[in-house]
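Q: Below is one structure. I have some questions about it.
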Amino acid sequence: MAKMRIEGSFVALITPFNADGSVDFGGFRTLLDWHATNGTSAVLIMGSTGEVSMLSPEERREIVERTAAMKTGAASRMKFFYGCTGTSTAATIAYLKHAKAAGADGAILAAPAYICAPEDDIEAFFAECADAVELPIGIYNNPPRVKTDLHWDHLLRLMKHPNVVVLKESTTRVGQVAQVLAANPDAAVMCCDSPNLGLVVPTMSLGGHGTANMTGNLDPAGMALLSTPWADPSQSVVFRETYIRLLPLLHFTYSAINPVAVKSLMKAVGLPAGDLRRPLSGLKPDHLAKGLGIVRALGLDAKYGWGKPALPMAAE
């Protein structure tokens with residue numbers, strides 16, 4: 001069976017909360033439909049952008065079950081992936097089995113947090129999880145969050161697995177992307193959209209398949225354009241113009257620990273987001289005002305129909 005191939009914008013979705021701190025499933029429905037109509041190819045629900053580490057196991061299972069059932073209408077065009085990393089290999093496999101049973105299209109796995117395991121152990125972790133469940137899996141090499149940084153030799157071995165369909169790369173070793181793409185692996189190669197890591201330009205120019213991003217929470221259409229593979233030389237020009245235009249927004253969304261900046265700005269413009277889960281808190285007014293200024297400068301308020309009168313008030 002041919003592997004699933006995802007291209008374009010793979011957005012790491014926030015988890016919207018109600019005023020009482022519970023998960024806002026109506027907000028999820030609104031966001032999923034909005035992304036589907038604005039070019040997002042796939043969503044990652046319950047990644048680090050989704051505050052997954054502060055969700056209870058019960059909340060995690062309910063989110064999978066209820067959002068997987070939302071893959072209807074326009075949203076049926078997107079792939080629904082879920083963050084299924086647990087605190088151990090056994091816990092991760094249990095989350096994967098639950099996601100498959102609930103109807104997930106796939107799962108994204110990172111190295112378990114805090115343990116800072118050696119590369120060989122984490123390669124074995126990914127391989128064991130991929131063997132355990134017949135579900136498309138994406139590997140997230142995310143050393144800024146989990147410290148473990150897999151070398152391309154480890155990644156290329158894993159990408160031969162029939163269930164591994166995506167690599168999301170967030171290494172600070174920019175040359176790694178070239179080594180992976182040069183091997184022409186049978187899996188999509190995507191990168192984090194942090195401008196400080198500097199992976200987007202080399203990944204797309206060397207034949208990458210898109211970006212696994214969080215800035216799409218604020219401008220899904222813009223990130224879809226930026227994340228289009230370079231099948232035609234003209235796309236390089238579109239990419240350059242789009243990247244330079246969106247650079248202020250990219251820098252803003254990474255101006256605080258993920259997802260503080262993006263979720264604070266979403267709430268300010270009226271998107272269903274809610275507050276961050278404690279101990280995280282929203283941006284200070286001066287910091288938030290900078291984001292609102294970028295929204296206005298890019299015309300996102302007009303583009304997406306966000307209420308202009310609310311923006312100056314939120315910035316004050």
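Q: 5 Å is the cut-off here: which amide hydrogens, built 1.01 Å from N in the peptide plane, fall below it relative to ALA12, excluding neighbours closer than 5 in sequence?
A: The list, which skips near neighbours in sequence, is LEU44, ASN213, MET214.
Q: Counting alpha carbon pairs within less than 8 Å and at least 6 residues apart, what relative contact order, in whole percent, applies to region 1-155? The partial results should precede the final answer.
A: Details: 236 pairs, mean separation 29.3, N = 155.
RCO, region 1-155: 19 percent.
Q: Calculate one ³J(HN,Hα) per residue across region 232-238 by plugging θ = phi - 60° into the Karplus curve 6.51 cos²θ - 1.76 cosθ + 1.60, and present them in order as whole Hz with x for glycine and proline.
A: Calculated HN-Hα couplings, in order: 10, x, 5, 5, 5, 6, 4 Hz.
Q: Let me ask something else. Which percentage, to the nearest 5, of the DSSP beta bridges contained in the chain is antiparallel?
A: Numbers: 1 of 30 bridges.
The answer is about 5 percent antiparallel.
Q: Of the candidates GLY210, GLY175, GLY73, which one comes out as most mobile in a Gaussian network treatment of the chain with C-alpha springs shorter than 10 Å?
A: Result for the chain, Cα springs under 10 Å: GLY73 fluctuates most.
Q: What accessible surface, in Å², does a 1.4 Å probe find on ARG240, ignoring ligands, DNA and RNA and rounding to the nearest 10?
A: 130 Å²
Q: Considering only protein heavy atoms and a 1.4 Å probe, what is the carbon-and-sulfur percentage of the accessible area of region 142-239?
A: Details: 1930 of 3340 Å².
Carbon and sulfur atoms account for 58 percent of the accessible area of region 142-239.
Q: A follow-up question, please. Which of the trypsin sites (Lys or Arg not before Pro) found in region 154-224 are in a DSSP loop and have at most 14 neighbouring Cβ atoms, other than their own, within 10 Å? Numbers along the way, then the final one.
A: Numbers: sites: ARG157, LYS160, LYS168, ARG173; in loops: LYS160, ARG173.
In loop regions of region 154-224 (DSSP not H, G, I, E or B), the sparsely surrounded trypsin sites (Lys or Arg not before Pro) are LYS160.
Q: With the chain treated as a Gaussian network of Cα nodes joined by springs under 10 Å, which of ALA261, ALA182, ALA273 yields the largest mean-square fluctuation?
A: Its mean-square fluctuation being the largest, the pick is ALA182.
Q: Restricting to DSSP loop positions (anything but H, G, I, E, B) with no more than 16 other Cβ atoms inside 10 Å of their own Cβ, which GluC sites (Glu not before Pro) remain in region 1-86?
A: Details: sites: GLU7, GLU51, GLU58, GLU59, GLU62, GLU65; in loops: GLU7, GLU51.
Taking region 1-86 and a limit of 16 other Cβ atoms within 10 Å, the loop GluC sites (Glu not before Pro) found are GLU7.
Q: Also, quick follow-up: At what distance in angstrom do the alpha carbon centres of region 261-304 and region 1-64 lie from each other?
A: 18 Å
Q: By a straight-distance test (C-alpha under 15 Å), which aspartates and glutamates pair with LYS263 as possible cross-link partners, with residues fewer than eight away in the same chain excluded?
A: Straight-line reach from LYS263, under 15 Å: ASP24, GLU51, ASP219, ASP275.
Q: Using θ = phi - 60° and the Karplus relation 6.51 cos²θ - 1.76 cosθ + 1.60, list the HN-Hα couplings for region 243-256 in order, rounded to whole Hz, with x at every Gly or Pro.
A: For region 243-256, the Karplus curve yields 4, 5, 5, 8, 4, x, 5, 4, 5, 5, 5, 9, 7, 9 Hz.
Q: Something else about it: Choose one answer from GLY216, GLY305, GLY208: the residue with the largest mean-square fluctuation in a GNM of the chain with alpha-carbon springs under 10 Å.
A: GLY305
Q: Another question, then. How much length is gained on full extension from ASP33 to TYR114, taking 0.36 nm per residue of separation minus their Cα-Cα distance? Could the numbers behind the result be given before it?
A: Details: separation 81, 0.36 × 81 = 29.16 nm, distance 3.47 nm.
Net length gain for the segment: 25.7 nm.
Q: Per residue, how much accessible area does the chain have with a 1.4 Å probe, in Å²? Spell out each step's value before the answer.
A: Details: 12860 Å² over 316 residues.
I get 41 Å² per residue for the chain.
Q: I would also like to ask the following. Strictly over 28 Å apart at the Cα level, which of LYS71/LYS168; LYS100/LYS267; LYS97/LYS168; LYS100/LYS160 would you flag in this model? Write out the running numbers ahead of the final one.
A: On the way: LYS71/LYS168 23 Å; LYS100/LYS267 32 Å; LYS97/LYS168 22 Å; LYS100/LYS160 21 Å.
Those over the limit are LYS100/LYS267.
Q: What does the extension gain come out to for ASN18 and MET70, with contour length at 0.36 nm per residue minus their alpha carbon separation? If you can, show how the numbers build up before the last one.
A: Values: separation 52, 0.36 × 52 = 18.72 nm, distance 1.84 nm.
Contour length minus the Cα-Cα distance gives 16.9 nm.
Q: Oh, and also: Ignoring ligands, DNA and RNA, please state the percent of accessible area on region 1-63 from carbon and sulfur, probe 1.4 Å.
A: 52 percent
Q: Please calculate the 1.4 Å probe accessible area of SER41, with all protein chains present, and give it to the nearest 10 Å².
A: Number for this one is 40 Å².
The values are calculated or read from the model by the stated rules, or taken from the named source; none is laboratory data. Owing to the predicted nature of the structure, the values given are computational and were not obtained by experimental measurement. Reconstructed Cβ throughout: ideal geometry from the backbone, glycine too, with neighbour counts over all protein chains shown. When the accessible area is computed, the model is the full protein with side chains, heavy atoms only, and any ligands, DNA or RNA have been set aside. Shrake-Rupley method; radii C 1.70, N 1.55, O 1.52, S 1.80 Å.
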